[in-house]
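What follows is a single structure, written as structure tokens, with notes after it.
The values are calculated or read from the model by the stated rules, or taken from the named source; none is laboratory data. Note that the structure is a prediction, hence the values are computed from the model and not measured. With ideal geometry, Cβ positions are generated from the backbone for all residues, glycine too; neighbour counts draw on all protein chains shown.
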Amino acid sequence: MVGLSVGEKHFIQGGIAQDLRTDGRKRLTYRPISVETGVIPQANGSARIRMGTTDVIASVKAELGKPDLFQPDKGRVIINVDCSPTAAPVFEGRGGEELSTELSVALQRCLLGSKSGTGAGIDRSSLLVVEGKLCWDLYIDGLVVSSDGNLLDALGAAIKAALSNTGIPKVNVATAASADEQPEVDISDEEFLQFDTSGIPVIVTLTKVGRHYIVDATSEEESQMSSAVSVSVNRNGHICGLTKRGGAGLDPSVILDMISVSKHVSEQLMNKLDSEISAAEADEAE
Amino acid sequence: MRELRDLQLPLNQTQKIRLRRALLQLQELACKMNSSASVTVADTIPVNHEDGVLKGHGTSELDGEVVATLCGIVERVNKLVYVRALRARYKPEVGDIIVGRVTEVAPKRWRLEINFSQDAVLMLSSMNLPDGIQRRRTAVDELNMRSIFEESDVICAEVRGFQHEGSLHLQARSQKYGKLERGQLLTVPPYLVKRRKQHFHHLERIAVDLILGCNGFIWVGEHVEARDNMVEDQETKPEQLNSKLNRISMSLEEQERICTPLETRQSICRIVNAVRVLSSLGFSLNVEVIMETVELSVSLNLDIHEMLGAEFCVQTAEREVERRSSLSKKKG
């Protein structure tokens, strides 16, 4: 990203302080979001989200596998993000790796909860086929095509859209399988089960610039930030995950304030996303 | 014709239909107005072979025929035939007013990025010194270059010419050139800014400066009076130095107070969004079109950020159709 002169930096900070950002948005307004589903036909589910110039694609692939020894009644979800070198010159070669791991970890924390599976936004027990023997492994891959700030929110929204587009093939288990053998399965090519996405949270990132917070920062505004807090909130208004980035320290009262602001913003974002996703699915069906 | 998908806007069905109709009408109007010879790659250029024609840029000889290698318009100058591309990279000409960003402070010069294939050079001798005196640049001046322009500063300058080794030189000797602060820089494709008599626009009613750089960099900012350094008193100088030092140590509240007033900021944001909409639609940029777009948005009572939405985009296209058809009716 090109540097900004001192005058431009003051202009951006002054705008945020006066609640009028460089593109005319208020502090808590998102850029126009456009959703396309089914962009990758070979995957079980996929979606592409555009927030202004930020462009991300998420795809979901389901494969049969063996469940974890310590959690025999749950399936597995593996989230991985890749920053494409086309997104920014700094991502060339191995430059994007640090950001990719940071985004993958943040997404896992926000959507999958802890290692033991408690507090997860995605319900992993619905991925079970045969307890202890067979389960679905969901590989969720995110690709950043164009980076203009607010990647975490866009990836969270793309994963939500991709999961609502996901169809898991119906599995018929051959009966009378003994305890030691692997059961025989018949994976249907015709029938698909829709993944239940009502519990999936949305991620809202609040970027603190000066004394104010903004939502959906562009990369220029992100260069001025002191710290950023990303909160994932589900439909019931419960917090599923929390991540803080940035070197500056925050007073605890500020964090609590940011959490309540993000809860308020997440309602509108959730409704907007749901309507856009259903519109996109309707378009795809045509 | 612009692909609707390039716009990256969520358009619903009626909006898509309206936009397509508007773009088709614009194309028809354009075809009526100029029927110049446009060619695509591998088209033969009609040439009188007895004349001994010179093959210029964008042409090539194939089986005795002159064939175009670019998509563009055929231009003929005496015996020279060449193809001018419509959407080419910025091509500087002497006297162009450009806006650039400093990338490097080098011995006796600054290097600026101007959306060209190489960085342009602004020599220290082509720049007025802060005290306004015309004198030879000394070593002390060279050491204090950063007090004039630093890295990442946005500067407005004029193209002075090309050097024999091919590098581009700029000059910023007049008072209207120099560092640009308190505003925003936008990038648009350079072919949208046509060369005109005036590129500096001082919009008096809203106290905003609009500079349309020929290289595609557009500056929209608060109006700054062009100070004449020669007339300045010696007494006011220490005050200026003090105010600069104070700014660095000022608290946030004080900075907010000297900030751009809200009304000016709203006008700046409206102009910036108007430029964004026009450039995404591919319309040429000049002051009249930009101000008409701003007035259209005000008359429709749109919020500033809604100007980047799908509905306003379609309405801008329709408005442009009306404007061009009324212009062509006046002419013909």
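Restricting attention to the range A:198-216, and to residues there that are more than 14 Å from chain B (Cβ to nearest Cβ) and in a loop (DSSP other than H, G, I, E, B), which single residue is surrounded by the fewest Cβ atoms within 10 Å (Cβ to Cβ)? Please lay out each step first, then the result.
Restricting attention to the range A:198-216, the residues satisfying the condition of being more than 14 Å from chain B (Cβ to nearest Cβ) are A:198-207, A:213.
Among the residues that remain, those that are also in a loop (DSSP other than H, G, I, E, B) are: A:198-201.
Working: A:SER198: 9, A:GLY199: 15, A:ILE200: 23, A:PRO201: 24.
Among those that are more than 14 Å from chain B (Cβ to nearest Cβ) and in a loop (DSSP other than H, G, I, E, B), it is A:SER198.
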Can you tell me how many residues in the range B:83-128 are within 14 Å of chain A (Cβ to nearest Cβ) and not β-branched (Val, Ile, Thr)?
9
The listed residue being under 14 Å from the mean Cα position of the chain (by Cα) and either in a loop (DSSP other than H, G, I, E, B) or more than 14 Å from every other protein chain (Cβ to nearest Cβ) (or both), out of A:VAL265, A:VAL171, A:VAL231
A:VAL231
Test for B:ILE218: is it under 29 Å from B:LEU281 (Cα atoms), within 14 Å of chain A (Cβ to nearest Cβ) and in contact (Cβ under 8 Å) with a residue 60 or more places away in the chain
yes
Kindly evaluate A:LYS26 against the criterion of being within 14 Å of chain B (Cβ to nearest Cβ) and surrounded by fewer than 20 Cβ atoms within 10 Å (Cβ to Cβ).
yes
Could you please give the count of residues in the range B:295-317 that are crowded, with 16+ Cβ neighbours inside 10 Å and among the acidic types (Asp, Glu)?
2
Condition first: modelled with pLDDT of 90 or more and either part of a loop (DSSP other than H, G, I, E, B) or within 14 Å of chain A (Cβ to nearest Cβ) (or both). Now tell me which residues in the range B:185-195 satisfy that.
B:LEU185, B:LEU186, B:THR187, B:VAL188, B:PRO189, B:VAL193
For the range B:64-170, list the strands (runs of 3 or more DSSP E) that sit wholly inside it and hold at least 1 residues that are touching an Asp or Glu at 6+ places or on another chain (Cβ under 6 Å); which are they?
B:65-68, B:80-85, B:97-106, B:109-113, B:154-162
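Here are some residues: B:LEU62, B:LEU26. Which one is of a type outside the set (Gly, Ala, Ser) and more than 27 Å from the chain's Cα centre (by Cα)? Spell out how you get there, then give the answer.
On the way: B:LEU26 fails: more than 27 Å from the chain's Cα centre (by Cα).
On inspection, the qualifying residue turns out to be B:LEU62.
Each row is one residue, and each column tells you yes or no for (1) under 29 Å from B:LYS331 (Cβ atoms); (2) modelled with pLDDT under 80; (3) basic (Lys, Arg); (4) assigned to a loop (DSSP other than H, G, I, E, B).
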position: B:MET1; (1), (2), (3), (4): yes, yes, no, yes
position: B:LEU11; (1), (2), (3), (4): no, yes, no, yes
position: B:ARG18; (1), (2), (3), (4): yes, no, yes, no
position: B:CYS31; (1), (2), (3), (4): yes, yes, no, no
position: B:GLU50; (1), (2), (3), (4): no, yes, no, no
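Evaluate the range B:86-103: report whether one residue or more is on the phi > 0 side of the Ramachandran plot and exposed (fewer than 12 other Cβ atoms within 10 Å of the Cβ). If you could, list the steps in order and put the result at the bottom.
Residues of the range B:86-103 that are on the phi > 0 side of the Ramachandran plot, as a first pass: B:95.
Of the ones still in play, those that are also exposed (fewer than 12 other Cβ atoms within 10 Å of the Cβ) are B:95.
There is at least one residue in the range B:86-103 that is on the phi > 0 side of the Ramachandran plot and exposed (fewer than 12 other Cβ atoms within 10 Å of the Cβ).
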Which of the residues spanning the range A:1-23 are more than 8 Å from chain B (Cβ to nearest Cβ) and among the hydrophobic types (A, V, I, L, M, F, W, C)?
A:MET1, A:ILE12, A:ILE16
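So which residues in the range B:171-184 are of a type outside the set (Ser, Thr, Tyr), over 21 Å from A:THR22 (Cβ atoms) and outside any strand (DSSP E or B), if there are any at all?
Here is the first cut: in the range B:171-184, the residues of a type outside the set (Ser, Thr, Tyr) are B:171-173, B:175-176, B:178-184.
Then keep just the ones that are over 21 Å from A:THR22 (Cβ atoms); that gives B:171-173, B:175-176, B:178.
Those that are of a type outside the set (Ser, Thr, Tyr), over 21 Å from A:THR22 (Cβ atoms) and outside any strand (DSSP E or B): B:ARG173, B:GLN175, B:LYS176.
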Of the conditions (1) among the basic types (Lys, Arg); (2) over 23 Å from A:ASP274 (Cβ atoms); (3) surrounded by 14 or more Cβ atoms within 10 Å (Cβ to Cβ), the single one that A:ARG48 does not satisfy is (2)
Looking at B:CYS313, is it modelled with pLDDT under 90, within 14 Å of another protein chain (Cβ to nearest Cβ) and outside any helix (DSSP H, G or I)?
no
Residues A:VAL35, A:VAL60, A:VAL39: which one is hydrophobic (A, V, I, L, M, F, W, C), farther than 20 Å from A:THR218 by Cα, surrounded by 14 or more Cβ atoms within 10 Å (Cβ to Cβ) and within 14 Å of chain B (Cβ to nearest Cβ)?
A:VAL39
Within the set of pairs 6 or more residues apart or between chains, which connect a residue that is closer than 23 Å to A:ASP153 by Cα inside the range A:270-286 to a residue that is at pLDDT 90 or above and assigned to a helix (DSSP H, G or I) with Cβ atoms less than 6 Å apart?
A:LEU273/A:ALA157; A:ILE277/A:ALA161
